[in-house]
1. With springs connecting C-alpha atoms under 10 Å apart, model the chain as a Gaussian network and identify which of P142, P312, P337 has the largest mean-square fluctuation.
2. Under unit Cβ charges (Lys, Arg +1; Asp, Glu -1), what dipole magnitude, rounded to 20 debye, does the chain have relative to its Cα centre?
3. For a quick check, take a GNM of the chain with Cα springs below 10 Å and name the residue from P267, P325, P230 with the largest mean-square fluctuation.
4. Kindly identify the range 189-382 as rounded, prolate or oblate by the Cα gyration tensor criterion: order the square roots of the eigenvalues as a ≥ b ≥ c, call it rounded if a/c is under 1.5, otherwise compare a/b with b/c, prolate if a/b is larger, else oblate.
5. What ranking do V105, V123 get, fewest neighbouring Cβ atoms within 10 angstrom at the top?
6. Put one equal scatterer on each alpha carbon of the chain, apply the Debye formula with no solvent term, and list log10 I(q)/I(0) at q = 0.07, 0.09, 0.10, 0.15 1/Å to two decimals.
7. Which residue, chosen from L186, A357, G344, occupies the Cα position most advanced towards the positive end of the dipole of the chain, where the dipole is computed from +1 (Lys, Arg) and -1 (Asp, Glu) charges on Cβ about the Cα centre?
8. Can you give the net charge of the other residues whose Cβ lies under 13 Å from the Cβ of A342, counting K and R as +1 and D and E as -1?
Amino acid sequence: MGDPPRRLLLLSNGHGEDLSGSLIGQELQKLGLEVVALPLVGHGGAYRQAGLPVLGHTREFSTGGLGYTSLGGRLTELVQGQLTYLLSQLVLFFREARHCAAVVVVGDVIPVLAAWCSRRPVVTYLVAYSSHYEGRLRLPWPCGSCLRSRRFRRVFSRDAFTATDLSHQLGRPVDFLGNPFLDRVLESAPPLDGPGVGAPSPRLGLLPGSRLPEALRNFELMLQVLTRLPAALQASGGLQLNAALVGAIDKATVARLSRPLGWQLEPSGRLCRGELELRLHWGEFQAVVQQADLLLAMTGTATEQAVGLGKPVVQLAGGGPQFSPNFAEAQRRLLGPSLFSAEGEPGSERSLGGTAALVGEVLHQLQHTDLGERCRRNGLERIGGPGGAARMAGQILQVLNEPSAPLQ
């Protein structure tokens, strides 16, 4: 029986993980390798958009699945059949892994354990874990034992601090090569259309997220924050407002959601309330993030991308199941001084009014302190520079070209 073909199986367990996996997969294809993907969560939209084959019949869950969800989110996953679906995906993985030269894991303990059990050579990018959370990374059992195995030929971390910490813990090299998800937001984007572009007034970008129905509730909270902004920022020309929306949040949905809050959707596609004017953008995420001075965000990966670009971010915690107060607090530990957050229960006046005041305060700091430069330095430290996907692909190719080593 000959060696398996130079076919690689990408295994990931989250929407953000799919994005990074798709970018790594594209770089592997450029190196002449065959790549297939198996997302454990959702439909693998990032892989499909990248033109990578997705194995099996995929399914989406309302919570996003396998994420940093609330207890209610976990119960919802069980009711919706997440566990049964996960088991069926893992069965498919073991069947397909036998025909692949190596497995590339983008995720955390579940795909790590599955890859170890496959007895194939493994390269893993631990995008879900960081020592910034608690100062020392506590890997869940049995993740540490798996990563020490010779089956894992390369281990990549999501930041330099974690690479140093894990290298000591595991007794093996752990490398930080950057984060592939940053590459996507660095892609060239045209200037946002309409008057005001290039004007000196500051620009605030809104990132309510992509998972429905949570993103709709997030957007509603953001509209309430805007009506509480300081008067100078609500005045005409005081602030440029741009929202990056997913296609599922169409104009009819926006009109229905915003009307009870006093907003009017204009034929031009802008939301207006008094002198406030919010421009809505579909398919222009990169432009909104790149051209914003400050982001108001209720997202995971998109917030990390903004921080990687050196942008300050004001968080607004919601009711979850994904962007809950617990998730937001963990994200602040992960991303550090680029993030700002007001206190108060989600949707409370303390939270909404405090967030609005914080937007004004951070914009003032951007104009009168070195906050912008501090955020740029922090982004480089926490996220890294561009080109992470290509560097990882190069290391994976090296693994395939190395002499076969015994698999423990």
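Throughout, read-outs are computed from the coordinates displayed, never taken from laboratory work. Since this is a predicted model, take the numbers as computed values, not measurements. Virtual Cβ from ideal backbone geometry, glycine too; neighbours counted across all protein chains shown.
1. Highest fluctuation of the listed residues: P142.
2. Details: 39 positive and 34 negative charges, 217 e Å.
It works out to roughly 1040 debye.
3. Taking springs between Cα atoms under 10 Å, the residue moving most is P267.
4. Rounded, because the longest to shortest axis ratio a/c is under 1.5.
5. Details: V105 29, V123 24.
Least to most surrounded, the residues fall as V123, V105.
6. Rounded to two decimals, the profile gives -0.34, -0.55, -0.68, -1.39.
7. Among L186, A357, G344, the one farthest towards the positive end of the dipole of the chain is L186.
8. Numbers: positive: R228, R332, R350; negative: E329, E343, E345, E349, E361.
That sum, taken over residues with Cβ under 13 Å, equals -2.
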